[in-house]
Amino acid sequence: MSEVKNIFCIGRNYAKHAVELGNEVPDSPILFSKPTHSLAYAKGDMIAFPVDKGEIHHELEIVLHIDQQVKKGDLVEDVVSAMSLGIDFTLRDVQSELKKKGQPWERAKGFPNAAITTDPFPFPGVEECREFTFSLVKNGETVQEGTIKDMMFDFQAIITECQDVFGLGAGDLIYTGTPEGVGPIQDGDHFEFYWGEECKGRFTVEMK
C-alpha cells in the first residue's frame with residue numbers, strides 16, 4: 001500500500017444521517033480532515049480507543065484512494081483506482097461541546113485510531129458501485145448499511161470540491177460520508193465490513 005498523504009472527510013452526506021443527529025441537511029459538501037496518525041487498518045486485530053472521552057460513535061464510510069495529481073475537470077475514474085471501507089470514529093460528547101462553542105471538530109475526529117480502513121481493493125467504476133450496498137456488522141448484527149445512490153453529493157462532486165478547496169494528489173484518502181445507523185462502541189465489540197456479500201475487514205474494540 002502506498003503512503004497516505006492526507007485524509008479528507010465529508011460530513012452529513014446522507015440526509016437520513018444528518019436527520020438522525022438533529023443536524024441541518026447541507027446544501028454543499030461539509031469538509032474536514034483527520035491527521036494521518038489517526039489511521040489504522042482492520043486486519044482482525046484489537047484496536048484501542050480512549051475510555052475517558054465519553055461516547056465514541058462508529059460512522060461507516062466508503063473511502064476513495066486518490067492515485068495521482070488531480071487536475072480541474074478530471075473524472076473519478078481518471079484518478080481513483082482503489083477504494084476501501086472505513087469508519088470515521090467520532091468522540092460524540094466532545095464534538096457536541098465543540099459545536100456549542102463554534103470550534104473546529106478536530107479534537108473529536110483526529111485522535112489515534114479514529115480513521116479505520118480495510119485494505120484497498122480495485123475501484124470498479126461509479127456505475128458498478130451503484131449496484132452494491134456496503135454495511136457494518138457489529139457483534140453479528142448489521143448496524144449500518146448504505147448505497148451511494150443515497151448520497152447527496154456523489155463521488156464526482158466530492159472529488160471536485162476537495163480538489164478545489166485543498167488540492168488532491170497521490171496518497172490522499174477521501175472518506176465519503178456515512179449512512180444512518182451510527183452508534184456508540186463498547187469494549188469487546190467486534191466489527192466486520194461488507195461490500196455486498198464479501199467481508200473486507202474486521203477488528204475488535206479495546207477500551208483503554
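Read the figures in this text as sums done on the coordinates, not as results from a lab. Here the structure is a predicted model, which is why all the values come from computation and not from measurement. Counting neighbours? That spans all protein chains shown, and the Cβs are built from the backbone with ideal geometry, glycine included.
Values for this structure:
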{"read-out": "Charge sum, other residues only, whose C-beta stays under 12 Å from ASP88's C-beta, Lys/Arg counted +1 and Asp/Glu -1", "value": "+2"}
{"read-out": "Antiparallel bridge percentage (DSSP; both residues within the chain; nearest 5)", "value": "75"}
{"read-out": "Pairwise FRET efficiency - VAL165 versus GLN69, Cβ, R0 = 22 Å, nearest 0.05", "value": "0.90"}
{"read-out": "For segment 52-208, average projected area of the Cα convex hull in nm²", "value": "9.5"}
{"read-out": "Residue among GLN163, GLN186, GLN103 with the largest mean-square fluctuation in a Gaussian network model of the chain, springs linking Cα atoms under 10 Å", "value": "GLN103"}
{"read-out": "Net charge contributed by nearby residues that have their C-beta within less than 12 Å of HIS65 (K/R +1, D/E -1)", "value": "-3"}
{"read-out": "The chain, helix-only ellipticity at 222 nm - DSSP H runs n ≥ 4, -39,500 (n - 2.57), divided by all residues, nearest 500", "value": "-4500 deg cm²/dmol"}
{"read-out": "Kirkwood hydrodynamic radius (C-alpha pairs) into Stokes-Einstein, segment 96-172, 4 °C and 1.567 mPa s, D in µm²/s", "value": "81"}
{"read-out": "Among LYS109, LYS149, LYS72: highest mean-square fluctuation, GNM of the chain, C-alpha pairs under 10 Å", "value": "LYS72"}
{"read-out": "Segment 64-149 - percent relative contact order, Cα under 8 Å, separation 6 or more", "value": "26"}
{"read-out": "Gyration tensor verdict on segment 40-105 (Cα atoms; rounded if a/c is under 1.5, prolate if a/b is larger than b/c, oblate otherwise)", "value": "oblate"}
{"read-out": "For ALA170, net neighbour charge (Lys/Arg +1, Asp/Glu -1) across residues whose Cβ lies under 10 Å away", "value": "-2"}
{"read-out": "Choice from PHE166, PHE49, PHE111 with maximal GNM fluctuation in the chain (Cα, 10 Å cutoff)", "value": "PHE166"}
{"read-out": "Segment 138-208, Cα convex hull volume normalised per residue, Å³", "value": "146"}
{"read-out": "Added length on full extension, which subtracts the Cα-Cα distance from 0.36 nm per residue, ALA157 to THR142", "value": "2.5 nm"}
{"read-out": "Within segment 69-110, backbone nitrogen closer than 17 Å to the virtual label 7 Å beyond the Cα of MET207 toward Cβ", "value": "89-95"}
{"read-out": "Note, ³J(HN,Hα) from phi for segment 86-95, Karplus 6.51, -1.76, 1.60, rounded to Hz, x at Gly and Pro", "value": "x, 10, 8, 7, 10, 6, 5, 5, 5, 4"}
{"read-out": "Out-of-range pairs (alpha-carbon distance over 20 Å; input LYS5/LYS200; LYS5/LYS34; LYS109/LYS200)", "value": "LYS5/LYS200; LYS109/LYS200"}
